[in-house]
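Colleague: Here it is, the structure, as structure tokens.
The values are calculated or read from the model by the stated rules, or taken from the named source; none is laboratory data. All of these numbers come straight from a predicted model, not from anything done at the bench. Glycine gets a Cβ as well: all are built from the backbone with ideal geometry, and neighbour counts include every protein chain shown. Accessible surface areas use protein heavy atoms only, side chains included; no ligands, DNA or RNA. Shrake-Rupley method; radii C 1.70, N 1.55, O 1.52, S 1.80 Å.
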Amino acid sequence: MLKTHWRLVSLLERIGDNAIVILAFFAAYFYRDSLLSLIAPLTFASPKKLHALGEISDYFIVLGVSLPLFNAILSLSGAYRSMRFSSVLQLIRMASFSSLLVFLCVGSVLYLLKLDLSRSFVGVYCFLCGVGLLIERYSMLRLLRYWRIRGKNFRNLLIAGTGKQAREVYLEIMRQPELGVRVVGFVHMGSQGKSSVLKVGSSPAGGQEMIEKQSASFVYDLPARVVATKKTFEVALKKYAVDEVLFTEVSRNLAAIEDLAEIAVDEGIHVTLAADLFSLGIIKSDTSYFGSLPLIHYQPAPGDSWALFTKRLVDMGISTLLLLLLAPLMLAVAFCIKLDSSGPIFFKQRRMGLNGRTFVLLKFRSMIKDAEKQLGELVSRNEMNGPVFKIRNDPRITRVGKWIRRLSIDELPQLINVLKGDMSLVGPRPPLPEEVSLYIRKHRRRLSMRPGLTCIWQTSGRNEIQDFETWASLDLEYIDNWSLKKDFELLLKTVPAVLSGFGAR
């Protein structure tokens, strides 16, 4: 659950730690005397005249020994685990312990090799490393907490269960807004015995449901609304753009949880169990602790990997570069569209993105003005099998629209969507909300990854694929086998496919 981005933070910490160790080495060498004169009053010692240091190349052995040592010690001491629950005291202990241990190890190596290097240099160097590591970790911790408190990088969490454990998890999350979790509500599992009535939040289908609170042991007032029952669970996942479901009271609801977890997995949503009781055996799993509470994580592919962060960096870099390089072409296309027909330059349309979030997709307008109003007259000519509309020789397409569509130039404004984070360069194409409403459950997993400009379908015939099931299968194949290497391969294959106009309409 609460660790979607900890691997990214861990990667940044490793880079920062290594940079600090290297910078501390040069600072200790060039400013040893000045630093010792500043430290001396703190230790109640009078500054002493020191021997000059030798060539810096003689001291590179210190860096060569200490750099891997710091990496190993910090890893073994758990410094790269999630920092959400770290205290300042823990950070001080981590920095001082690692620096002291490296100081002892480096000193031992110098002694064993009979190397006549300045021990004061080694002391200043390790001291700077400890201070630098502490400042870096504390700054990162404060930044992350400040960012989350201000409502950034939140994950939508649905808590399945209405018992004591569900309430405790909720209150713990509310006490720590820096965790970056927003509870959208509870799911009543209906497995606990007699009693009073609990109001359920509005369901997407409309209306208010009343469900029975059936637990004699359930004496707590829920601090947030119940938004679903087992029957309306799947609907709630779509309505609230849920990123993760946390199942509580697992021992009481094993059969129900297995069914509901399968639904969530098919939707491409992360599943977490508040107990280490069983494995569904259908997707990747991992474990962690929420305080003293053991958690199991079930993640649909591709999971939360540092590679996804790299994918985002690549998206931002390439989209920025392409927008700059293609600016003259885009201006020329905009001019041609204005000359060719009346209406706006851009076509804006609401699409569904990651886990059902909506965004406004941008394209160069390739159809006549108000083309969407004429869609009802053409539905009967749809050549696609499934919840997608495609026809050859669409009468709504303008003269300019025909050639910009053939070369996919109409898609270029979506580079802005990529830069904003609504889309990626590679990923399943973003569907219309009306299309998603017609999806069967397994198709919803297409939304478990950020939509893209291109994917396997683009290099497999594009619009020549007339069966939506085939299209969806290609997208799910991409998600299940995703890697950065595959993204680059698809980008390279897309270029000749677009230039040849293969499968374009």
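Colleague: Among the residues of the stretch 337-349 satisfying the criterion of being open to solvent by 50 Å² or more (accessible area, probe 1.4 Å) and of a type outside the set (Lys, Arg), which is modelled with the lowest pLDDT?
Modeller: Taking the stretch 337-349 first, the residues open to solvent by 50 Å² or more (accessible area, probe 1.4 Å) are 338-339, 342, 344, 346-348.
Those still in the list that are of a type outside the set (Lys, Arg) too: 339, 342, 344, 346-347.
Working: LEU339: 89, SER342: 86, PRO344: 90, PHE346: 92, PHE347: 90.
Applying the filter and picking the extreme gives SER342.
Colleague: Inside the stretch 318-362, can you point out the residues that are under 30 Å from ARG446 (Cβ atoms) and over 30 Å from the mean Cα position of the chain (by Cα)? Give the steps one after another, and end with the answer.
Modeller: Here is the first cut: in the stretch 318-362, the residues under 30 Å from ARG446 (Cβ atoms) are 318-323, 326, 330, 333, 344-362.
Those that are under 30 Å from ARG446 (Cβ atoms) and over 30 Å from the mean Cα position of the chain (by Cα): MET330, VAL333, PRO344, ILE345.
Colleague: Go through (1) open to solvent by less than 60 Å² (accessible area, probe 1.4 Å); (2) modelled with pLDDT under 90; (3) under 18 Å from the mean Cα position of the chain (by Cα) one by one and return the number of the condition LEU157 breaks.
Modeller: If we test LEU157 against (1) open to solvent by less than 60 Å² (accessible area, probe 1.4 Å); (2) modelled with pLDDT under 90; (3) under 18 Å from the mean Cα position of the chain (by Cα), just (2) comes out false.
Colleague: Would a scan of the stretch 293-306 turn up a residue that is at pLDDT 80 or above, farther than 22 Å from MET449 by Cβ and more than 16 Å from the chain's Cα centre (by Cα)?
Modeller: Among the residues of the stretch 293-306, not one is at pLDDT 80 or above, farther than 22 Å from MET449 by Cβ and more than 16 Å from the chain's Cα centre (by Cα), which makes the answer no.
Colleague: Looking for something modelled with pLDDT under 85, under 30 Å from GLU234 (Cβ atoms) and in contact with a helix residue (DSSP H, G or I) (Cβ under 9 Å, 6 or more places away or on another chain) - is there at least one such residue anywhere in the stretch 108-128?
Modeller: no
Colleague: Which of the residues that make up the stretch 417-446 are open to solvent by 10 Å² or more (accessible area, probe 1.4 Å) and of a type in the set (S, T, N, Q)?
Modeller: SER437
Colleague: Can you tell which of VAL388, VAL379 is closer than 22 Å to THR459 by Cα, at pLDDT below 90 and of a type in the set (A, V, I, L, M)? Talk me through it step by step, then tell me what you get.
Modeller: Working: VAL379 fails: closer than 22 Å to THR459 by Cα.
Exactly one residue qualifies, and that residue is VAL388.
Colleague: State whether one or more residues within the stretch 318-332 are in a strand (DSSP E or B) and under 26 Å from LEU432 (Cβ atoms).
Modeller: Looking only at the stretch 318-332, we keep the residues that are in a strand (DSSP E or B), and these are none.
Within the stretch 318-332, not a single residue is in a strand (DSSP E or B) and under 26 Å from LEU432 (Cβ atoms).
Colleague: Take the residues in the stretch 63-89 that are more than 19 Å from PHE26 (Cα to Cα) and at pLDDT 85 or above, then tell me which one is least open to solvent (accessible area, probe 1.4 Å).
Modeller: Going through the qualifying residues, I end up with LEU74.
Colleague: Restricting the stretch 476-490 to residues that are closer than 22 Å to ILE318 by Cα and not hydrophobic (A, V, I, L, M, F, W, C), which is most open to solvent (accessible area, probe 1.4 Å)?
Modeller: So the residue we want is LYS485.
Let's see how each residue does on (1) modelled with pLDDT of 80 or more; (2) assigned to a helix (DSSP H, G or I):
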site	(1), (2)
TRP457	no, yes
THR470	yes, yes
LEU474	yes, yes
TYR478	yes, yes
TRP482	yes, no
LYS485	yes, yes
LEU492	yes, yes
ALA497	no, yes
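Colleague: Contact list please: Cβ distance under 7 Å, first residue in the stretch 21-32 and more than 9 Å from LEU128 (Cβ to Cβ), second residue surrounded by fewer than 14 Cβ atoms within 10 Å (Cβ to Cβ) and hydrophobic (A, V, I, L, M, F, W, C), pairs at least six apart or on different chains.
Modeller: Qualifying pairs under 7 Å: TYR29/ILE56.
Colleague: So, of the residues in the stretch 90-119 that are open to solvent by 100 Å² or more (accessible area, probe 1.4 Å) and within 19 Å of VAL131 (Cα to Cα), which turns out to be farthest from the chain's Cα centre (by Cα)?
Modeller: Here the answer is ARG119.
Colleague: Counting just the residues of the stretch 226-244 that are under 24 Å from the mean Cα position of the chain (by Cα) and charged (D, E, K, R), which one comes out nearest to ALA166 (Cα to Cα)?
Modeller: Out of the qualifying residues, it is GLU244.
Colleague: Of the residues in the stretch 350-370, how many are assigned to a strand (DSSP E or B) and surrounded by fewer than 16 Cβ atoms within 10 Å (Cβ to Cβ)?
Modeller: Going residue by residue through the stretch 350-370, those that are assigned to a strand (DSSP E or B) are 350-352, 358-364, 367.
Restricting the remaining residues to those that are surrounded by fewer than 16 Cβ atoms within 10 Å (Cβ to Cβ) gives 350, 358, 360.
Final tally of qualifying residues: 3.
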